[in-house]
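Values quoted throughout were computed directly from the atomic coordinates according to the rules given, and no laboratory measurement underlies them. In this text, all values refer to a predicted model and were calculated from it rather than measured experimentally. Cβ placement follows ideal geometry from the backbone for every residue including glycine, while neighbour counts extend to all protein chains displayed.
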């Protein structure tokens, strides 16, 4: 006669997995953070019609990546000076008075009612590239943790 119940013994290596996925995710996010920093610097210095013509280097120095650890891994975010996001997303600056906006150009002073800053996707391109390579970093971290 057979028993009406069955038992399954869980191998010892499976019990160790409870902390490994979170730690592997944090390790992978650390590698992704380095990749994001390098990608941002590359994108900021590319110039041309789709890049920024960085003059002083203040924007490059203001780029920060933040890695917040959570129980399930972590959150990776990007920060920089405000005008960096304005250039990344594009903006229209309207004059508040009928006198318009005044600024100096190579040919003298100029007055306009609005200035259009075109979208130059340098930060969002870096974030998209990081999202694409993150699964590779996670797979490497999981393989290393399983050894």
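When only C-alpha pairs under 8 Å and at least 6 residues apart count, what is the relative contact order of segment 78-147, in percent?
Relative contact order, segment 78-147: 31 percent.
If R₀ is 22 angstrom, what is the calculated FRET efficiency for the pair residue 85 and residue 136, using the beta carbon separation as r and rounding to 0.05? Could you put the intermediate results ahead of the total?
Working: r = 28 Å, r/R0 = 1.26.
The value I calculate is 0.20.
What's the ranking of 138-144, 102-108, 40-46, 64-70 by average number of surrounding C-beta atoms within 10 Å, highest first?
Numbers: 138-144: 15.0, 102-108: 7.3, 40-46: 17.7, 64-70: 12.6.
Sorting 138-144, 102-108, 40-46, 64-70 by mean packing, highest first, produces 40-46, 138-144, 64-70, 102-108.
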